[in-house]
């Protein structure tokens, strides 16, 4: 699980900007929204332009150099903050993996160029490579004693180099080191918008309807849409060199994209990824930007419930205040974001929040503040 994340000098984040998912309160309701003392389900609110999308890009920057999964390099143009004097962006991740706290820090001068990396597992420094002042890395992992520690390629992560070029001894620390890669490789970011942008988990373009057919999920997709309030019958139809999905109007079949509304199309995109998310071992962490941009309020709540059922850790950005309710999550799971910081509702007021409080009404009345 992701415990904490901090970034500076990246896009809109000039100074340290920290997301703390360990700032939990002892609420006795919606306990499943917190696991191992970490927020498992989070919704992020903020005005347009405060950096919600940039927060997602910052968290998923790690995909570029630790994995071979899907990237979206065009989104990482204008990498460094325009106001900051530093020549590199700094990233700090704190994970909870195999019951251990794993801290990974790195610095980059651009999307691909790595100038510093440090890995700490259980309060012990395991890897350090400061390319500015050192020619070689310091490695404290059993099985790397004879490994070459000089790397000239500044686009190659020392962590990835160790993983691919050493015969690591089987022990708790090394297993946690390898599990870090598994977690990062299973991270998924996508936007619930028409551009279908995604980062992580997979690679290449994804034919949504062909994939649903291939996984034999057409009937389940039909049920999903009907539960979402979209009354329909679906059928499989043949197109050139592929099978796809069509709406079935008493025998008249029309391809899904030709008649689906924007909201229904966005729902299909969500279901496409949901097929993977509900397989608990396949996805570790999900970030959906503007998750309900085209949804009715009741549908937004349904999507949150569906995600909660999977057990996967997720962060959603939204402007929809109707889902700010203790029936869905709890005050420490709703986050307010400004250009300078982000914190939960429970940390944004001096008032002691209880289950009976109407926190949406309090939000609209300006009861919560963020600097």
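Odds and ends about this structure:
- Where residue 72 falls short, out of the listed (1) touching a helix residue (DSSP H, G or I) at 6+ places or on another chain (Cβ under 9 Å); (2) within 23 Å of residue 159 (Cβ to Cβ); (3) crowded, with 19+ Cβ neighbours inside 10 Å: (3)
- Flag: residue 96 matches the condition of being under 16 Å from the mean Cα position of the chain (by Cα) and either assigned to a strand (DSSP E or B) or farther than 17 Å from residue 155 by Cα (or both).
- Check on residue 64, modelled with pLDDT of 95 or more, within 19 Å of the chain's Cα centre (by Cα) and not in a strand (DSSP E or B): yes
- Restricted to the stretch 237-275, and to residues there that are in contact with a helix residue (DSSP H, G or I) (Cβ under 6 Å, 6 or more places away or on another chain) and loosely packed, with under 15 Cβ neighbours inside 10 Å, the residue that is modelled with the highest pLDDT is 243.
- Residue in the stretch 1-12 that is buried (at least 20 other Cβ atoms within 10 Å of the Cβ), in contact with a strand residue (DSSP E or B) (Cβ under 7 Å, 6 or more places away or on another chain) and assigned to a loop (DSSP other than H, G, I, E, B) present: yes
- The set of residues from the stretch 100-133 being in a loop (DSSP other than H, G, I, E, B), closer than 20 Å to residue 87 by Cα and touching a strand residue (DSSP E or B) at 6+ places or on another chain (Cβ under 8 Å) comprises 109, 131, 132.
- Residue check, residue 299 within 28 Å of residue 199 (Cα to Cα), part of a helix (DSSP H, G or I), touching a helix residue (DSSP H, G or I) at 6+ places or on another chain (Cβ under 8 Å) and touching a residue at least 12 places away in the same chain (Cβ under 8 Å): yes
- Candidates 86, 53, 90 - the one that is part of a helix (DSSP H, G or I) and touching a residue at least 60 places away in the same chain (Cβ under 8 Å): 53
- Residues being outside any strand (DSSP E or B), touching a residue at least 12 places away in the same chain (Cβ under 8 Å) and within 16 Å of residue 67 (Cα to Cα) - total across the stretch 137-187: 20
- Conditions (1) on the phi > 0 side of the Ramachandran plot; (2) touching a helix residue (DSSP H, G or I) at 6+ places or on another chain (Cβ under 9 Å); number of the one not met by residue 151: (1)
- Those residues of the stretch 18-66 which are closer than 19 Å to residue 116 by Cα and touching a strand residue (DSSP E or B) at 6+ places or on another chain (Cβ under 8 Å), in sequence order: 58, 59, 60, 61, 62, 63, 65
- From the list 202, 195, the one residue that fits, being touching a helix residue (DSSP H, G or I) at 6+ places or on another chain (Cβ under 9 Å), surrounded by fewer than 20 Cβ atoms within 10 Å (Cβ to Cβ), at pLDDT below 95 and closer than 18 Å to residue 70 by Cβ, is 202.
- Residues within the stretch 246-275 that are assigned to a helix (DSSP H, G or I), out of contact with any strand residue (DSSP E or B) (no Cβ under 7 Å at 6 or more places or on another chain) and within 27 Å of residue 52 (Cα to Cα), tallied: 13
- A single entry from 30, 54 fulfils the requirement of being under 18 Å from the mean Cα position of the chain (by Cα) and either surrounded by 19 or more Cβ atoms within 10 Å (Cβ to Cβ) or more than 23 Å from residue 129 (Cα to Cα) (or both): 54.
The values are calculated or read from the model by the stated rules, or taken from the named source; none is laboratory data. Small disclaimer: the values here were computed from a predicted structure and weren't measured. Note that each Cβ is placed from the backbone with ideal geometry, even for glycine, and that neighbours are counted across all protein chains shown.
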